[in-house]
Structure formats: structure tokens, C-alpha cells
1. Could you tell me how many of the residues in the range 282-308 are assigned to a strand (DSSP E or B) and not β-branched (Val, Ile, Thr)?
2. Going by what's in this entry, would SER153 be described as of a type outside the set (A, V, I, L, M) and touching a helix residue (DSSP H, G or I) at 6+ places or on another chain (Cβ under 7 Å)?
3. Quick test of your reading of the structure: GLY212 fulfils all but one of (1) within 30 Å of LEU51 (Cβ to Cβ); (2) free of Cβ contacts under 8 Å to residues at least 60 places away in the same chain. Name the failing condition by number.
4. If I ask for residues that are under 39 Å from the mean Cα position of the chain (by Cα) and among the polar types (S, T, N, Q), which ones from the range 293-344 would you list?
5. Quick one: which of ALA274, ALA292 is open to solvent by 10 Å² or more (accessible area, probe 1.4 Å) and either out of contact with any strand residue (DSSP E or B) (no Cβ under 7 Å at 6 or more places or on another chain) or farther than 30 Å from ARG207 by Cβ (or both)?
6. When the range 324-365 is examined, which residues are found to be over 20 Å from ILE484 (Cα atoms) and open to solvent by 10 Å² or more (accessible area, probe 1.4 Å)?
7. In the range 724-754, how many are crowded, with 20+ Cβ neighbours inside 10 Å and touching a Ser or Thr at 6+ places or on another chain (Cβ under 6 Å)?
8. Check whether at least one residue in the range 73-89 is out of contact with any strand residue (DSSP E or B) (no Cβ under 8 Å at 6 or more places or on another chain), within 29 Å of LEU133 (Cα to Cα), β-branched (Val, Ile, Thr) and crowded, with 22+ Cβ neighbours inside 10 Å, and report yes or no.
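The values are calculated or read from the model by the stated rules, or taken from the named source; none is laboratory data. All of these numbers come straight from a predicted model, not from anything done at the bench. Positions of Cβ are backbone-derived with ideal geometry, glycine not excepted, and every protein chain shown enters the neighbour counts. Just so you know, the surface numbers come from the protein's heavy atoms only, side chains and all, with ligands and any DNA or RNA stripped out. Shrake-Rupley method; radii C 1.70, N 1.55, O 1.52, S 1.80 Å.
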Amino acid sequence: MQNKLAEKSLKSLEYDKILEMLAGKCSCEDSSQLAMSLEPLGSAGEVSAVLGQTSDACRLSLRFGGPSFFGLKNTASALHRAKIGSSLTMRELIDIAADLGVLRSLARYREASQSVSSCLDELFDSLSPNKYLEDKITSSILSEEEMADAASSDLADIRRHIRGCTARVREHLDKMIRSPSYQKLLQEQIVTIRSGRFVVPVKAEFRSDVPGLVHDTSSSGATVFIEPMGVVEANNELKVLFSKEQNEIARILSELSAEVGEFAESIAAGYKTAVTLDFVFARARLAFDMKAFAPTISESGGVVLNKARHPLLDPKSAVPVTISLGGSFDTLVITGPNTGGKTVALKTLGLLVLMTMSGLMIPADETSSVGFFTQVLADIGDEQSIEQSLSTFSAHMVNIVDIIAHSDAQSLVLLDELGSGTDPVEGAALAVAVLESLRSTGALLAATTHYSELKVYALQTNGVENACCEFDIATLRPTFRLLIGVPGRSNAFAISERLGLPPDIIERAKALVSSDDSRFEDVVQSLEAGRQILEQQTREAELLRAEALREKQASERMRIELEKEREKELEKARITARRLLEQSRAQAQQLFDEIDELKKKESAGELSTLREQAKAQLNARLRSLEKVADPVHLPAPAYRLPRALRAGDSVIIEGINKQGSVLTPPDGSGYLDVQAGIIRTRLHVSELRLLDEKPALPTGYTQMKLGRAKGAVKTELDLRGQNAEEGLLELDKFLDDAQLSGLGTVSVIHGKGTGVLRSAVQQHLKGHPAVKSYRLGRYGEGESGVTIVELK
């Protein structure tokens, strides 16, 4: 937009201050100039594209931080001179190397952020870093006044000779000034330089006593600076070397300049791209400062700004406003008392639309949308403007005439205090006529006013909507909230009463108000009261909803934490179960190894049976452990014994499906002894199933056969603690009773001890008539502490 009206509108909406803020975010002078010359774009496609660049710059900055543009300078003039063959200064070459460093830094930044796609890739890809040239310049030039020795081998050689020659001259002069014969001739015992040659300060009266060349005198004439004849040749050599040094430096600069000239076009293009990127990321930095978002560009036109803030107001104190225009209405009439925020709302609408049309993010909720406008035309002034003084009615009319002449269907028109500054009746009528004229052009309008006639016009006209800035009568302060759909009240009577105006004056003023106006104000007041009640109820409902949502989120977090804790505990249980299972497997393997060892020593048939039964029992236990190794899966319902097991009960051993007899009642842990054939083992009650419900005998007893004996007899005899004589008497009685009861096998427990009782028992069994055979107990039967006796 280039016409004078558009420029004036931009100024009145304080668009220039936004550009100043944007320029302050730029890193170089050229990008700052781009910022200051930024204007609203010419098409919706351009707006979307530039907003996309700004949004992508924000995304990259949030994830990877912003790229550095430090040191970027405009070297176009130097590049042009280098291209045509001129030699550049060290300062110019340093600046070019700095630009090359920025280009390389930008390329490296994009490489590091490749995981995020961006519409800025085309700009980044057009960069052409030249590390070779950058390194050559930086390694050759130390500062704008010093060339590095490493710039060329000739320069290094020349400077080495200069240092050697200088040392010789100083050595000669140092000896001279320390010599007692010369000390009285010297003004000071120092060596200095005049006209590029080493000299000594000699008192003027002794000038003839020091042969040499006079190069300078002091201002007082008391000192002459003489180059002694002994160092004239060395000084001449230094002069020649210094001349060679300057010639070599000039040659190096010329060589570097020539190389710069070869790459001048790519460096210049890279610089322009870097300036553009700096401008894009400056827009992102401004968005961060404003806490801004990119609005949606609406194809249907119109404006919806949710929770919008004026970007020049303090964000801590600014009250967000929600403004909509377009859709069901194309004209918004904003009313309310002075200092209530009408003009701020109008400026916020206009400025945020201008920022959007310029590709800038706006300080409003991300759900906001803005249609495309070719121009924003504004007549804003008065006491509410920060920059302008009160405008006259004539000045307003001049602006409005110009606005009517330029407005069209893609214009946003903003009018502040429409029709003010003249007779109220005529002003109101003129305001209505202006609105109708502007509406006929298809433009979207927003106007502020105090006229009740415009409120009525908005109520009676399709496409025109009332709005007001809320005012708290109790505190005489505006809330700065914009309420769309509600006509505003001036509240002049209420404010005056609160400020102390006598009541009789207020009543007289109310009586002078026309009945129609009075009824209209009463209706507005009633609507306002209803709106406030509804708003309060809405706020309370929103608070309840937010509280319910917080509780739901807290419950969900607790559920997730409990689930994680449960998984941890289950994993601990799995680890423990696996460890137990591995231990059991190791013990089982050890047992199998022992049985295999015994098999080599005993009869093959009996030991083979014993080994298979033991393996079956252990495998059953391992399967049981495997079932609990993963506690996540619930086990199937287990068999439940109908009653507690007692000695003598017949049971089935699970896992090997073999019948056995209970020898001992279960202990506190549920373990008991079971006799299965010749195997005596210790099992848990959960591994047994009861075969029948016959009454059980006391521990260690079995039922005698009918007709053979009365009562019950033990199947084992425990002789531990007795001497041999007592034990043998007990043994005879036990064997007799066992034979009468029909038992085939019994056990005699004598313990291991010293072996005396075991020897006596076995010696006695050799000659006992009821004994068929006997042997020591095997693994699981008590081993050498038990003798198994087979009866005839």
C-alpha cells in the first residue's frame, strides 16, 4: 500500500512501532532495513507462505535453538572491487571471511536439524559455504593491521631476517649505552626509533663526541637522536627488509583478493540469503517475545481473534479481548463509556490484521483466523490515541471521505468516535449514513460511538451487530472486556453519582431524557444484568468442569503409576521364580548324578526303578516351579483335600501317578513323609490326592491282619538313645509283632553315631529266624542311620 491514506492508517494503528520492534530482533543492518520496510502482502497465498516461514522458524528455534548471524556484514562493495581486479584491505577480507563463517554456520545448523522438515529448506540449500577461502583468509590475516607469518613462506623468511637484524642492532646499541665512556654523553640510557631507524638520545653539547647520523632533535633542543655509524649498515638492511615485507604483504592481499573475486557472486548471493534468513528468524524471535501464534488464513474472509492482546501493551496487565467480524454480520458498532477500552479494541483489531497480512504472528489464541484484506483503512485519533491530539470534525470528515473513495470488498475499515465533534442529532444521522455507504462497498466495518441512535440501528439492521466494553459501576473502572451482541451504556448518571454529584441534579437529568431513550437504557440494563448472571453461572460451570478434569487426570496418572508399580513387582517375581527354578534344576541334576553313581554299585534293576521314580518326582516339582515362574498367569483351580491327611492315608502322588501311604502328619509348612513302594520321600500336601475316606491310624502304625493279631503294630522301630542290650530286646519284640501283623518290610532306626548300635542290630538280625534279609537304607531312606529288614 503506497497511497497517503494507507500510510496514515498504518501510522494511526502504530504499525511502525511493531516494525521497530522487529528491526530490533535482526542481527545485521540489511535485515533491519528489510524489517523497517515491511508492508502488508498482496495476496492470500503470499501471506500463507510468509506465515509458514515464520512458523517453521519458530519450530526450528524451539527444538534446536536459533541459528547465529553474528558477524554478518554487507561486503557488496568489496566483492565488486575484488571481482574487477582491485586489491582489498585486510579489514575487508576479514569481513568477507566473517560472512563465509556465518554461511558455514547456517549450513551446519540445517544439517543438525534435518529431522524437521521446513519450508525454509530452499533458502538453506541455496547457501554456498566456502571453507577453503574462509580458512585461507583467517589463517593469513590476524587482524586488520597484522598479517600472519604463515601467510607465505617468503613473508616468514623476511620476518626471520628482520628479527635477526634487529637483534644485532639492539645488541650493538645496548653495549654502547651500558659503556661508562658513553653514559655521560647520553640524555637517557635507552634505544629508540626515529624515521624507522634505531637511534640513541645524546646530549646536544656532546653531539660531536658520538659519530653518526642525526635523525631528530627534541622540542627543547637539549637532545639529539643519533644513529651511530656502527649500526648504519644494519639499519639500512632493516629498511630494505621492511620494504620487502610490505611488498610481500601487498602481494598476498592481491592474491587473496583475486580468489575472493572468483567467488564474489556466490558469496554475494549467500549473503542475501543469510539476510533473508535473519529476517525470518527475527520474526520468530518477535513471536516468542509476544507469545504469539500464527492465525489461520480464512478463505471465507472475516476476522476471529480469540484472547487477543495489543502487542504494545504490557502483557502482564493487558486484558485479552475476543473480537469477531464477518460471517453473520459485517459491521460492528462498539459503544460504552470513555476510557473503557473501545479504541484499544479497535486498534487491536486493525493492528493484528496488519501483522497477519505482513506474515507476522499475532498475540492471540492459536484458534484465531483472519481473512485476506488488501488494505486496512482507519480514522483513529482523539484523546484515546497515544500519538495524536484531538481531531476536529472537519479532519474526521476529510479522512472519512477519503476512506469511502478507496474502500472495497477486501477492505477493513475502522472508525473511532464516528460522527463526534458536531451536533449530536446531525452527527448520529451522518454516522448511520456513512455506515450504510461503506457497507454498500462490501467492506468490513468496526466503529466506536456514544450515540444511542447507532445502537438502535445495530439492533434493527441485519448484518450489523452491537458490542460494548464492560464497565464496573461499583469501582468506576473499566474491565476492558469486549462483549459482542450487547449494546453499551454510557453510565454517565451512575458515574456522576459515585463522584458526588448531588442527587437532585441527577434526578433532573434523568427527567430530561426522553422516554424512548429511558426505556431503551432500561432494556439494555436488564439485558446486562441477565448477561452477568449467565456469565457467572458459566464461570462456575467451567470451574467445576476444570476441577473434574483435573481429578480425572490425577486418577489417570495414579492408575498409570500403579500399573507401572505392578509391572515392576511382577518382573521382580519373575526374576525370583526363575532363580528358584534354576536352583532346583541344579539340585535335580546333582541328585541324578548321585543316583547314577549308586547305580554302578548296586543291582541294576532295583536302582533303575529307584532312579526313574526319583526323576519323576523331581520333574513334577520342576513343573510346579515353572508354573509359578511367571506369576502374571493365574494358575488353574487346585485340587483341595477333603480333610487333613493323617498317617495311614492312601494317596496318589501327582506327577508320577503312583500310590503311596502317608507315614507322618504334615508339619507346619505342609510337608509330610510318604511311603511309595520301597521309596520313602518327603512331599507337600499339594502334591497328593486322597484315595479313600477310611479312618487313619496314629502316626507310625498300620492295621494288623484279622485273626493274626490284635491292635496295631509300628512299621518302624526307633532305637536311638538306647544301649545295645536294651535295643536288642526291643528289636526282638518289634520283629515278632511285625511278623504276626503280616508286614513284609520294616525299618530299624539306630542312627549313625559311633556305629556300635548298628553293628549290634545287624549282628542280631543275621541269626533271627523271622528275618529274610536286611540292608542299610539308601538315599531318601535314611542311608547308614537306618536298616531295612525284609521279613519271611
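1. Just the residues of the range 282-308 that are assigned to a strand (DSSP E or B), to begin with: 293, 296-298, 303-308.
This time we only want the ones that are not β-branched (Val, Ile, Thr), so: 293, 298, 305-308.
Matching residues across the range 282-308 total 6.
2. On the way: of a type outside the set (A, V, I, L, M): yes; touching a helix residue (DSSP H, G or I) at 6+ places or on another chain (Cβ under 7 Å): no.
Spelling it out, it is not the case that SER153 is of a type outside the set (A, V, I, L, M) and touching a helix residue (DSSP H, G or I) at 6+ places or on another chain (Cβ under 7 Å).
3. All conditions are met except number (1).
4. THR296, SER298, SER300, ASN306, SER317, THR322, SER324
5. Values: ALA274 fails: open to solvent by 10 Å² or more (accessible area, probe 1.4 Å).
Of ALA274, ALA292, the one residue that is open to solvent by 10 Å² or more (accessible area, probe 1.4 Å) and either out of contact with any strand residue (DSSP E or B) (no Cβ under 7 Å at 6 or more places or on another chain) or farther than 30 Å from ARG207 by Cβ (or both) is ALA292.
6. Residue satisfying the conditions is MET361 alone.
7. Result for the range 724-754: 2.
8. Initially, the range 73-89 is screened for residues out of contact with any strand residue (DSSP E or B) (no Cβ under 8 Å at 6 or more places or on another chain), giving 73-89.
Now narrow it down to the ones that are within 29 Å of LEU133 (Cα to Cα): 73-89.
From what's left, β-branched (Val, Ile, Thr): 75, 84, 89.
Those still in the list that are crowded, with 22+ Cβ neighbours inside 10 Å too: 75.
Checked the range 73-89: at least one residue is out of contact with any strand residue (DSSP E or B) (no Cβ under 8 Å at 6 or more places or on another chain), within 29 Å of LEU133 (Cα to Cα), β-branched (Val, Ile, Thr) and crowded, with 22+ Cβ neighbours inside 10 Å.
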